[in-house]
Amino acid sequence: MKPRARRLGVVVQEVADETVVYDLERHEVHCLNPTAAAVWRLCDGRHDFAALARALPAKAGLPDDVEIVRLAVAELGRARLLEDPALREAASPSRRRLLLRLGAAALPAIVTIASPTALQAATCRLTQPISPSDCNNNRPGAAGCCCGNNKICSAPGTSNGCSGARC
Amino acid sequence: MAAAARAADTSSSAGDAVAHVLAGSWRRAPDGPAVFAAQLELATPRLLTTGAGALGWWRVRNTVLEDTPAAANLHDAYRVHAAQAAVHARERSIALRSLAAAGIEALVIKGWAVARLYPEPGLRPYGDLDVAVHPRAYEHALAVLRPPPGEPHALDVHRGLASLDRDFEAVLARSRTVADDGLTVRLPAAEDHLRYLCLHFLKHGAWRPLWLCDVGAALEADPPDWSRLLEGEPRRSDWVAATLKLAADLLGADLTGAPHTVHSRVLPGWLPRSVLSTWSSPFVPHGNRAPLGSVTLWHPLRLARALRLRWPTPVEATMAMGAPCDGTPRLPLQVAECVRRVVRFAPGPPAAN
């Protein structure tokens with residue numbers, strides 16, 4: 001298997017020590033730590049897992065370890081940052097086992113944030129209201145949105161988040 | 001100094017907490033007073049809903065608070081805004097090339113024009129690209145920039161600079177250019193833009209703390225010619241000076257180079273109180289609320305609630321009535337503005353049967 005990073009429909013921005021990838025089709029933001037970002041950049045569709053692992057020390061200062069690549073590819077696949085749809089369901093090695101063996105710094109990590117539309121700057125402008133429970137549970141992007149009870153989600157993550165002005 | 005004085009007050013309102021967290025947040029190394037966990041907890045919802053979440057994160061990263069749940073939400077906002085900044089860069093390039101190809105001279109204002117003054121992309125989110133064109137070129141610009149059917153409109157075209165008491169051609173003559181991704185972008189002169197930002201902040205009821213951060217960022221990253229900044233229609237100059245002092249008092253903005261009249265100005269108590277009160281509560285700016293006519297006015301409770309929602313703040317009333325930012329009571333202005341709004345937006349009497 002020779003994974004290829006998805007380049008269409010994504011916008012990439014380096015932010016501090018993270019690589020932030022905005023999926024324009026799904027309006028999701030994925031934050032890749034340095035390990036995940038390094039593997040993603042190496043995925044050119046021409047190299048298999050072993051070759052990708054051999055490139056890690058020179059390209060990213062990481063151990064030559066194919067399990068790192070497998071875990072990263074599994075997570076990148078789930079985040080739909082690879083072109084091959086089959087990789088979305090790829091089995092991943094045990095993160096815990098890798099953590100014990102390599103330490104946290106070497107592990108790939110991807111945090112996904114559901115982003116409102118690209119036009120939103122500050123307050124939510126979704127045309128459909130969200131449920132109060134989405135606001136109370138601090139669903140990503142809920143802040144500032146109009147709730148189903150016609151209140152603004154002004155205190156996301158609290159028990160009465162939809163408590164703002166009427167919308 | 002006033003911002004530092006509030007540092008010890010841990011029993012602050014949400015508005016105070018917002019101001020405390022945002023103090024100096026536009027700097028590469030924010031050096032405001034230490035933020036307490038309770039303040040961050042209190043401020044975070046308001047920071048997120050007003051677009052200042054990324055700045056909140058910038059303030060608390062690399063501190064003991066960065067691992068708190070509140071900080072995690074702010075960090076997410078920073079990441080999202082950074083990603084969106086990259087998307088907007090593409091849209092901006094397309095729009096500006098279209099304008100250039102059509103021979104339309106445009107000034108980029110607000111949004112990106114001020115976001116570029118912050119140390120990192122994503123710290124200052126923006127949605128639409130705001131461009132101001134000469135009033136004569138307005139219709140043409142709209143036609144040039146109209147998006148294809150079904151696509152969202154990411155541009156806000158301004159007919160001149162209405163709220164700025166300056167002739168557009170004079171502003172254009174003083175404008176400067178900067179390079180952005182191979183494009184030449186025209187921006188207003190620092191003093192024109194800062195004056196505009198100050199007036200914009202007050203005109204919209206000072207509801208968004210981010211806009212006062214913009215004033216701080218512009219003061220420090222793009223220092224103005226002070227005499228040019230403060231020249232113009234005296235009432236507006238008064239409002240500009242008040243906003244600058246407010247940025248200093250509430251957020252610790254640096255007024256180096258400002259004339260003594262600005263430095264030593266003592267703001268009337270109602271002004272910072274009104275702003276902090278606005279920042280404390282979920283606030284829907286006037287103009288974004290449902291018209292009064294859509295409310296069933298003949299139900300006393302609903303009418304009372306509708307009027308309470310539309311009761312102008314001291315800042316709104318001052319701007320609407322064109323009053324100075326001085327120590328005179330605001331209540332008469334608020335009553336007058338409320339009456340004006342009711343008369344303007346209430347429905348007519350029921351039709352006779």
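Okay, here's what the table says:
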read-out: For A:Cys147, residues with placed amide H under 5 Å, excluding near neighbours; value: A:Ile130, A:Ile152, A:Cys153
read-out: Summed buried accessible surface, chains B and A, 1.4 Å probe, nearest 100 Å²; value: 2500 Å²
read-out: Per residue accessible area of chain B, 1.4 Å probe, in Å²; value: 43 Å²
read-out: Charge dipole (the range B:151-242, unit charges on Cβ, about Cα centre) - positive-most of B:Ser163, B:Tyr196, B:Cys213; value: B:Ser163
read-out: 5 angstrom amide H check on B:Asp156, placed H, neighbours 5+ away; value: B:Leu129, B:Asp130, B:Val131
read-out: FRET efficiency, B:Ser227 to A:Arg101 (Cβ-Cβ, R0 60 Å, nearest 0.05); value: 0.35
read-out: Zone of B:Thr328's modelled label, taken as backbone nitrogen in the range B:156-170 under 17 Å from a point 7 Å along Cα→Cβ; value: none
read-out: Nearest-20 debye value, chain B charge dipole, Cβ charges on Lys, Arg, Asp, Glu; value: 940 debye
read-out: Rounded accessible area of B:Met321 (nearest 10 Å², 1.4 Å probe); value: 80 Å²
read-out: For chain B, built as a Gaussian network whose Cα springs stay under 10 Å, the top-fluctuating residue of B:Ser227, B:Ser13, B:Ser274; value: B:Ser227
read-out: Heavy atoms of B:Asp249: accessible area, 1.4 Å probe, square angstrom to 10; value: 40 Å²
read-out: Under-5 Å amide H pairs with A:Leu82, H placed in peptide plane, nonlocal only; value: A:Arg6
read-out: Test item: B:120-131 mean partner chain Cβ contacts at 10 Å; value: 2
read-out: Carbon and sulfur %, accessible surface of the range A:1-85 computed with the full protein complex present, 1.4 Å; value: 49 percent
read-out: Chain lengthening between B:Val64 and B:Val339 when straightened (0.36 nm per residue, less Cα-Cα); value: 94.0 nm
read-out: Number of partner chain Cβ atoms within 10 Å, mean per residue of B:82-93; value: 6
read-out: Accessible surface of chain B, 1.4 Å probe, proportion on carbon and sulfur as whole %; value: 57 percent
read-out: Inter-chain Cβ neighbour average for residues A:13-20, partner chain, 10 Å; value: 6
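The values are calculated or read from the model by the stated rules, or taken from the named source; none is laboratory data. Quick caveat, the model's predicted, so the values are computed rather than measured. As a convention, Cβ positions derive from the backbone with ideal geometry for all residues, glycine included, and neighbour counts pool all protein chains shown. Note: areas computed on protein heavy atoms with side chains; ligands, DNA, RNA excluded. Shrake-Rupley method; radii C 1.70, N 1.55, O 1.52, S 1.80 Å.
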